[in-house]
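Remarks on the structure that follows.
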Amino acid sequence: MKTPRPDGLRFIASSLFFICFLYVLASITELRFDSLLKFGRRALANINMPSAQLYNSSNTLHSSPNITSLALNSSSNDEIRVLFGILTLPGQYQRRHFLRLIYGTQTPVGAKVDLKFVMCNLTKEDQEVLVALEIMRYDDIIILDCEENMNKGKTYTYFSSLPEMFNNTNGVYPPYHYVMKADDDAYFRLQNLVDSLKPLPREDLYYGYVIPCSSMEPFGHYMSGMGYLISWDIVEWIRKSDIPKNHIEGPEDKTFGDWIKNGHRAKNRFNAKWSMYNFPEPPTKCTHELWPHTIAVHLLKNQEKWIRTLKYFNVTDNLKPSKLYHIP
């Protein structure tokens with residue numbers, strides 16, 4: 001048996017070294033490419049960025065997402081799951097039917113948004129019949145075990161009831177990444193909302209419009225009751241903690257902010273101002289003109305304001321032509 005020549009051994013060693021080098025180089029290149037791809041996506045997401053901003057508990061300002069339609073489509077595995085709860089009253093039948101039109105014609109890409117109308121216990125015979133029919137037809141109502149109220153614990157009952165309702169219902173955890181509490185006089189543009197959520201953390205997040213109107217500091221104040229969103233881990237904390245349980249009365253949005261502050265929660269906060277704002281009339285510090293980057297418009301107290309808002313955003317542009325009707 002011949003002993004391998006030194007030149008042959010050097011050749012084998014060099015070949016092995018070269019193969020290892022190529023493997024390491026390929027790994028680094030893949031890593032850099034992945035980082036470059038993520039960087040590119042973030043760069044796209046920041047084009048024409050409005051003033052909405054993400055902060056963490058160190059008061060570090062992070063680049064906020066673009067809330068236009070530039071975000072890339074997510075795969076089904078990356079889909080954001082949002083429970084969108086609109087607090088309403090049992091007798092507000094017409095308002096709910098109107099909002100079903102408003103939100104039923106929106107099909108956000110990259111997220112599964114489940115809209116639910118949230119009310120306390122039914123107290124009248126007509127409610128027992130008509131609300132039951134709504135549930136049979138639409139399956140979009142949550143009835144909480146509480147007496148109807150605005151600032152005496154309905155919001156607490158809403159959030160604290162959700163884990164028991166939704167955990168382990170379909171084998172997916174968390175059942176929702178985010179939970180929204182919204183007023184029924186606010187118009188949310190769901191695609192812009194979803195696009196703003198895509199780059200954000202999915203834990204310890206508190207999202208909304210900072211009150212007072214003059215403030216841009218989410219850690220010094222709280223989010224307006226027009227609509228604020230939290231991550232699922234905070235929902236579970238509300239259910240378990242004594243801090244919210246022992247302080248349920250008072251202006252609901254400020255009270256919620258007190259829970260977050262006293263519980264040292266929400267190290268990540270997203271200030272959606274000025275993409276969320278009050279209807280421009282009458283003009284106040286909380287208003288500005290309608291604009292394309294809008295996520296939400298609040299205080300739509302009558303049909304005229306709703307119609308002006310919907311016309312501005314061209315919500316019927318996708319109406320298909322037909323011989324059955326003519327709408328200019």
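For segment 258-311, give me the residue count where each residue is buried (at least 17 other Cβ atoms within 10 Å of the Cβ), within 25 Å of residue 178 (Cα to Cα) and in contact (Cβ under 8 Å) with a residue 40 or more places away in the chain.
Count: 22.
What is the residue count in segment 257-271 for residues that are touching a strand residue (DSSP E or B) at 6+ places or on another chain (Cβ under 9 Å) and closer than 12 Å to residue 237 by Cβ?
Qualifying residue count, segment 257-271: 3.
What about residue 123, is it under 25 Å from the mean Cα position of the chain (by Cα) and either in a helix (DSSP H, G or I) or not hydrophobic (A, V, I, L, M, F, W, C) (or both)?
It is false that residue 123 is under 25 Å from the mean Cα position of the chain (by Cα) and either in a helix (DSSP H, G or I) or not hydrophobic (A, V, I, L, M, F, W, C) (or both).
What are the residues in segment 137-157 that are in contact (Cβ under 8 Å) with a residue 60 or more places away in the chain and assigned to a loop (DSSP other than H, G, I, E, B), if any?
Across segment 137-157, the qualifying residues are 150, 151, 153.
Within segment 158-187, track down each residue that is farther than 19 Å from residue 92 by Cα, touching a strand residue (DSSP E or B) at 6+ places or on another chain (Cβ under 9 Å) and outside any loop (DSSP other than H, G, I, E, B). Steps first, please.
Kept after step one, since they are farther than 19 Å from residue 92 by Cα, are these residues of segment 158-187: 159-180.
Adding the requirement that they be touching a strand residue (DSSP E or B) at 6+ places or on another chain (Cβ under 9 Å) leaves 159, 161-162, 165-166, 172, 174-180.
Scanning segment 158-187 gives 159, 161, 162, 165, 166, 178, 179, 180.
Say whether the condition of being out of contact with any Lys or Arg (no Cβ under 9 Å at 6 or more places or on another chain), within 26 Å of residue 98 (Cβ to Cβ) and modelled with pLDDT of 95 or more is met by at least one residue in segment 226-246.
yes
Listed here are the residues, each with its yes/no results for (1) assigned by TED's automatic domain parsing to the domain that holds residue 243; (2) closer than 28 Å to residue 249 by Cα; (3) of a type in the set (D, E, K, R).
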site	(1), (2), (3)
118	yes, yes, no
125	yes, no, yes
132	yes, no, no
135	yes, no, no
138	yes, no, no
142	yes, yes, no
146	yes, yes, no
150	yes, yes, no
155	yes, yes, no
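Scan (1) surrounded by 19 or more Cβ atoms within 10 Å (Cβ to Cβ); (2) among the acidic types (Asp, Glu); (3) over 18 Å from the mean Cα position of the chain (by Cα) for the single condition residue 195 breaks and write down its number.
Every condition holds for residue 195 apart from (3).
The values are calculated or read from the model by the stated rules, or taken from the named source; none is laboratory data. In this text the structure is predicted, and so the values were computed from the model without any measurement. All Cβ positions, glycine included, derive from the backbone under ideal geometry; neighbour counts span all protein chains shown.
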